[in-house]
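Below is one structure, written out as structure tokens; the observations come after it.
Rule-based calculations on the coordinates, nothing more; no lab input. Quick caveat, the model's predicted, so the values are computed rather than measured. Quick reminder, even Gly has a Cβ in these numbers, built from the backbone with ideal geometry, and neighbours come from all protein chains shown.
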Amino acid sequence: MKRRIYTILNTAFALIIIIFMLLFGDTIWFWQHETDYKRISCLFVAAVVVQGLKAFKIYFVMFGKNISFKENIFLYSKTAIVDILCPFGIGEVFRIMNYGQYIGSYLKGLIAVLIDSFFAMAGFVTVMIWMRDVYSIRITYMVYGVLVILAAIVGFYFVFFQMYRYWKRYFIQYKASKKGNRILEILEWFNGVYSEISLIIQGRGVVLYIVSVLVYVVEFAGMLSAFDISGTKQINILVNCYLAGDIYMNSSNIVMRQYVLVNCWMLIAIWGAGCLLSAGLRGNKHE
């Protein structure tokens with residue numbers, strides 16, 4: 001069963017790569033003059049740092065789950081490509097399936113990816129509010145809505161254990177029945193999830209938050225520098241595209257499209273190098 005899921009995941013990934021090559025293989029970088037060369041160099045540096053920080057963040061979340069940094073780089077590059085190219089959270093599901101399949105627990109894969117996404121959103125909101133104060137950017141109510149959701153999640157995390165203890169004691173002492181036992185099983189399941197989350201967050205939460213903030217600081221700085229090289233001041237366009245979820249391939253802005261292409265080709269190159277290295281190591285073992 002696991003082998004079948006692994007095959008399905010890799011087949012889906014291969015199809016996504018082929019579609020990407022067919023659609024964008026001839027658009028490369030628009031090398032026209034020196035300004036473009038400088039702009040692409042700026043975007044490439046930003047992409048390397050951003051993807052490196054993101055890969056470290058998910059590795060830090062997965063720390064202790066028998067996954068090496070090299071293996072994480074290979075898995076991250078594959079899942080990050082899908083995350084960039086596919087809308088509607090397909091990339092997150094793909095990442096959950098891949099990491100879950102690798103560590104042998106889809107639940108733990110789900111928890112790890114959700115924690116990674118939580119801190120990513122926390123970093124994003126932090127940078128958005130900072131840019132509002134520094135650049136006087138008008139941000140939408142969506143950012144404040146996300147902030148409220150994040151605060152609610154944090155609040156629930158801190159009160160969950162007390163709720164769990166209260167209801168467990170209640171159903172053991174006063175509602176001893178088949179239905180009560182079923183509810184106790186559900187409570188124990190949620191407590192297991194809570195314990196897994198606590199195991200990851202305790203001692204790592206601050207680092208994960210700082211790295212998440214750095215990701216968006218570097219990404220914004222890189223694209224703003226690219227806009228400056230182009231001779232335009234488009235910070236409002238950049239922020240609005242982020243808030244509209246228009247940072248990926250559907251963006252009509254040339255700088256953003258180039259940034260996405262730089263990320264995709266770089267990740268494909270890393271993934272391809274990992275495949276070749278893995279094949280070479282397997283070949284040496286058979287000799």
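For the range 75-209, just the Cα set please: Rg and Dmax, both in angstrom.
Just the Cα atoms of the range 75-209 yield Rg and Dmax of 18.7, 60 Å.
Which order do peptides 136-145, 268-277 fall in by mean Cβ count within 10 Å, highest first?
Sorting 136-145, 268-277 by mean packing, highest first, produces 268-277, 136-145.
Sorted by packing (mean other beta-carbon atoms within 10 Å per residue), highest first, where do 73-83, 123-133 land?
Descending packing order for the listed peptides: 73-83, 123-133.
Would you mind estimating how fast the range 98-156 diffuses translationally, via Stokes-Einstein at 37 °C and 0.692 mPa s with the Kirkwood radius over Cα pairs, in µm²/s?
Approximately 251 µm²/s, per Stokes-Einstein.
Two decimals is fine: what is log10 I(q)/I(0) at q = 0.11, 0.19 Å⁻¹ for the range 53-149, from a Debye sum with one equal scatterer on every Cα and no solvent?
Calculated log10 I(q)/I(0) at the listed q: -0.39, -0.92.
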